[in-house]
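K.L.:
Here it is: the structure, laid out below.
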């Protein structure tokens with residue numbers, strides 16, 4: 001456990017003060033680089049750099065169909081951020097393959113440039129959050145017009161890379177059950193991609209996606225139609241009011257429980273909705289419920305930021321519990337037990353550094 005150091009001197013430590021000042025300057029630089037990285041993803045510049053090799057700003061702009069002056073300034077920022085290499089003699093730029101592995105579409109779930117789009121999205125509500133600090137309350141999903149599109153793009157890569165081959169095998173015998181035909185629900189399904197992937201892979205099973213956002217459900221239905229799926233359906237539903245008994249053999253929740261206004265009610269509803277031998281597969285944030293345990297967590301500052309500027313506040317905006325992103329494994333296990341799950345096994349997945357995978361049974 002980390003404790004606050006006892007300090008008696010009245011003057012600051014000069015070396016520590018300078019080191020912290022350097023850290024703050026670095027934070028400013030990294031924050032600005034994050035914005036440029038988000039722009040690079042959205043404009044396709046990282047993919048274009050990976051495809052063209054050593055290239056001038058003019059050639060890159062032509063390849064990407066973008067304005068050269070903006071591309072040139074962006075390349076300058078990426079160069080001084082040490083993300084892109086620059087050869088001054090030839091006036092050409094190059095994206096190292098080691099960097100492309102984390103910045104391009106080909107990186108799949110490792111594409112952190114895609115994830116960094118959440119930084120400017122959250123910054124859009126900064127002033128509203130400042131008001132919440134002063135007045136309490138919270139924001140609604142209407143404050144985040146890009147949220148569902150970004151979540152869909154970010155989760156889609158992980159679902160495509162891991163759901164069928166890595167995640168499902170965490171539940172013993174699930175593949176055989178899905179092949180034979182069972183009833184499955186996904187609570188807080190968002191744009192429904194996980195349900196549609198499962199429905200396509202297991203045509204004998206029946207899948208239902210539940211989410212309170214009409215926009216997300218519309219996206220889910222459109223994808224199901226485009227894939228010709230007749231075993232996937234989607235309902236606009238506040239899952240806190242889920243009132244179904246022994247209806248499903250499997251219920252899933254992908255990064256959805258911590259956002260709920262009343263997560264305890266949701267978990268209790270899931271428990272009731274499962275048949276006696278059913279399974280609840282809950283994917284949620286990989287963190288501790290204890291702040292001191294999260295010091296040194298490689299993603300902890302991001303997780304607490306996501307909580308303040310999105311997950312906690314949208315719950316409070318619905319007069320909810322404000323559970324927050326970093327509810328942690330300990331509290332999650334307690335709440336699952338309170339909901340009636342007597343057996344909870346927790347797994348980790350290599351390609352998903354953000355989450356624990358909870359396999360829960362009565």
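The values are calculated or read from the model by the stated rules, or taken from the named source; none is laboratory data. Note that the structure is a prediction, hence the values are computed from the model and not measured. Reconstructed Cβ throughout: ideal geometry from the backbone, glycine too, with neighbour counts over all protein chains shown.
K.L.:
Which pairs have Cβ atoms under 7 Å, sit 6 or more apart or on different chains, and link a residue in the stretch 163-179 that is outside any helix (DSSP H, G or I) to one that is surrounded by 17 or more Cβ atoms within 10 Å (Cβ to Cβ)?
P.N.:
171/279; 171/281; 171/359
K.L.:
Test each condition in (1) crowded, with 19+ Cβ neighbours inside 10 Å; (2) modelled with pLDDT of 95 or more; (3) part of a helix (DSSP H, G or I); (4) in contact with a helix residue (DSSP H, G or I) (Cβ under 8 Å, 6 or more places away or on another chain) for residue 138 and report the one that comes out false.
P.N.:
Only one criterion is unmet by residue 138, namely (3).
K.L.:
Does residue 213 count as in contact with a helix residue (DSSP H, G or I) (Cβ under 7 Å, 6 or more places away or on another chain) and touching a residue at least 40 places away in the same chain (Cβ under 8 Å)?
P.N.:
yes
K.L.:
A follow-up question, please. Assess whether residue 306 counts as being touching a strand residue (DSSP E or B) at 6+ places or on another chain (Cβ under 7 Å) and in the same structural domain as residue 173 (by TED's automatic domain parsing).
P.N.:
Answer is no for this residue.
K.L.:
If you check residue 187 against the conditions, is it closer than 25 Å to residue 110 by Cα and touching a residue at least 24 places away in the same chain (Cβ under 8 Å)?
P.N.:
Taking the combined requirement at face value, the residue does not satisfy it.
K.L.:
Considering only helices (runs of 4 or more DSSP H) fully contained in the stretch 1-91, which possess at least 1 residues that are within 29 Å of residue 301 (Cβ to Cβ)?
P.N.:
Filter on the stretch 1-91 gives 14-42, 45-52, 68-80.
K.L.:
Go through the residues of the stretch 334-345 one by one and say whether even a single one is touching a strand residue (DSSP E or B) at 6+ places or on another chain (Cβ under 8 Å), farther than 22 Å from residue 362 by Cβ and buried (at least 16 other Cβ atoms within 10 Å of the Cβ).
P.N.:
Within the stretch 334-345, none of the residues are touching a strand residue (DSSP E or B) at 6+ places or on another chain (Cβ under 8 Å), farther than 22 Å from residue 362 by Cβ and buried (at least 16 other Cβ atoms within 10 Å of the Cβ).
K.L.:
Out of the residues in the stretch 47-96 meeting the condition of being within 17 Å of residue 32 (Cβ to Cβ) and under 27 Å from the mean Cα position of the chain (by Cα), tell me which one is surrounded by the most Cβ atoms within 10 Å (Cβ to Cβ).
P.N.:
Top of the filtered list is 78.
K.L.:
Select, from 268, 246, 273, 253, the only residue that is in contact (Cβ under 8 Å) with a residue 24 or more places away in the chain, surrounded by fewer than 18 Cβ atoms within 10 Å (Cβ to Cβ) and in contact with a strand residue (DSSP E or B) (Cβ under 6 Å, 6 or more places away or on another chain).
P.N.:
After ruling out the rest, the residue left standing is 246.
K.L.:
Residue pairs, Cβ under 6 Å, 6 or more apart or interchain, first in the stretch 145-161 and without any contact (Cβ under 8 Å) to a residue 60 or more places away in the chain, second surrounded by fewer than 18 Cβ atoms within 10 Å (Cβ to Cβ) and outside any helix (DSSP H, G or I). List them.
P.N.:
none
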